[in-house]
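The block underneath contains the structure these notes are about, expressed in structure tokens.
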Amino acid sequence: METPEPDDVTSDASAGTLRDDVVTALPVAIAGLVANATGVIVTILLARVLTTQGYGAYAQLVGLFLVVSMPGSALIVAVVRRTALWRTSGSHEALALWATKMHRRMWWFLGVWTAIVLAISFPVAHLLAKPSPVAVAGMMLGAGVWVVLCVDRGFLQGSRGYRALSVNLLIEAGVRTVTVLAFAVVFKLPGAALGVLIGEALTAYHARRVSLSALRGVTDDHLAVTPPSIRRDLVIDLGVALVALALVAGLQNVDVILLGRLNPHASGSYAAVSTVCKGLVYVAVAIAGYLLPEAAISHHEGNHGLRQLSVAIGLLSLPAVALLAAATFFPDTIIKLVFGSRYLGAESAFLPLAGAMACFSITVILSFYLLAHGRHWIAPLLGLGLVAAGVAIETAHGAPHATAISDLLVQAALALAVFLSFAVSHLRNHGVPFAGGLASEEFGIA
């Protein structure tokens, strides 16, 4: 019988020092960076493997994947909060029983989703105008498998299986790179979509194995069944997280969507700049894989988790500074090296868009922290930010530089509003200054 490795799970969210937290979070951050880098490499190579029309269709399918897979990110939040609650209360057997039910439900979901995809792949392909039904079906099924994968990643995060989570992220990056490119060379667009499906299936298989191993550590149990309040809270957490993360996706992509409608001729060059800048957001999401469970566990133990939050922001600052430096000193070179000279034209948007994504990444980190603490007010605040971004970007009339500047102003204001709201909420619930909270956690006097 497999058991979790001793150093893969710790016992107390407040134990240890800032250095311990950095060491714990660093593998997840590195895995996120590698996964993001391989994603960019795949995007670049596909631009050379596929025709221009096929590459445009692949971009549509990626957007379809992101939309369909959105519930998976919300599931991670809900599963982590429940797992952290049961772990901190010592209810490991109840957690194992609930995990079995969740796995069974995911199999049912996958079966139903497969039937739905087979029924709608032809109409969706016709609606999108370019992709084949096979490519649409492969990508939508891959998104469904990713939703199932998220449940097991939630169990890993809630059990503090960060090493296994990092390995799983690297497996996803490596396998998807190989399968997408290999199948795309032979079968073009349908092959790329099939590669996504196979990559996600293999990653989900690994995640299931390691999450089951992490959940086998059964000790004393205080709950025989899931309390009704926990079932109700799960639905609330899932719903709020789904709305909040959908708004995050909207804030991340609203500039590309609106510029593509207002100025189609500049959409390709702006999308190239956007792809580079928005990689920082994916790194933030990967780092949140460490912060989310740590904040949830701290919350259930009666602590605030500010030390873990500072570690997450500190790790995020490293790639953010590198991105801003690249955007400042050699934007043309980056675009030419990554995408080729034909994608030049929007490099003036590089620096303001890099700044916008740096601010937005802070918003993402704080949003995951607040969701881990059950602070549902973050969703309407993100909604206001999305509305403001849409209005501001419309006034740019499709000009790349003006669009990026508008996005920067809104993202900076939103990050400031989220931080100030977070500060007020923290002081109201804990009644201590931030510096004092960090110091008390660091020296073990909280």
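Read the figures in this text as sums done on the coordinates, not as results from a lab. All of these numbers come straight from a predicted model, not from anything done at the bench. Quick reminder, even Gly has a Cβ in these numbers, built from the backbone with ideal geometry, and neighbours come from all protein chains shown.
Pull out a ≥ b ≥ c, the square roots of the eigenvalues of the alpha-carbon gyration tensor of segment 332-427, then state rounded if a/c is under 1.5, prolate if not and a/b is larger than b/c, and oblate in the remaining case. Verdict is prolate for segment 332-427. Classify segment 228-446 as rounded, prolate or oblate from the Cα gyration tensor: take a ≥ b ≥ c as the square roots of its eigenvalues, call it rounded if a/c is under 1.5, otherwise prolate when a/b beats b/c and oblate if not. Here segment 228-446 falls in the prolate category. If you average the C-alpha positions of segment 326-375 and of segment 245-307 separately, how far apart do those two centres end up, in angstrom? Using only Cα atoms to place each centre, the spacing works out to 10 Å. Spatial offset of segment 114-193 relative to segment 22-68 amounts to 11 Å, using the alpha carbon center of each. A simple count of charges around LEU353, restricted to other residues whose Cβ falls under 13 Å of its Cβ and scoring Lys, Arg +1 and Asp, Glu -1, yields -2. Neighbour counts of other Cβ atoms within 10 Å put LEU238, LEU46, LEU309 in the fewest-to-most order LEU238, LEU46, LEU309.
Could you work out the equivalent-ellipsoid semi-axes for segment 99-200, taking the square root of 5 times each eigenvalue of the Cα gyration tensor, largest first, in whole Å? Walk me through the numbers on the way to the answer.
Numbers: eigenvalues 147, 73, 13 Å².
They are 27, 19, 8 Å, listed largest first.
When only Cα pairs below 8 angstrom with a gap of at least 6 residues are kept, segment 50-226 shows a relative contact order of 35 percent.
Rounded if a/c is under 1.5, else prolate if a/b beats b/c, else oblate: with a ≥ b ≥ c from the C-alpha gyration tensor eigenvalues square-rooted, which is segment 50-226?
Values: a/c = 3.09, a/b = 2.11, b/c = 1.47.
Prolate, since a/c reaches 1.5 and a/b exceeds b/c.
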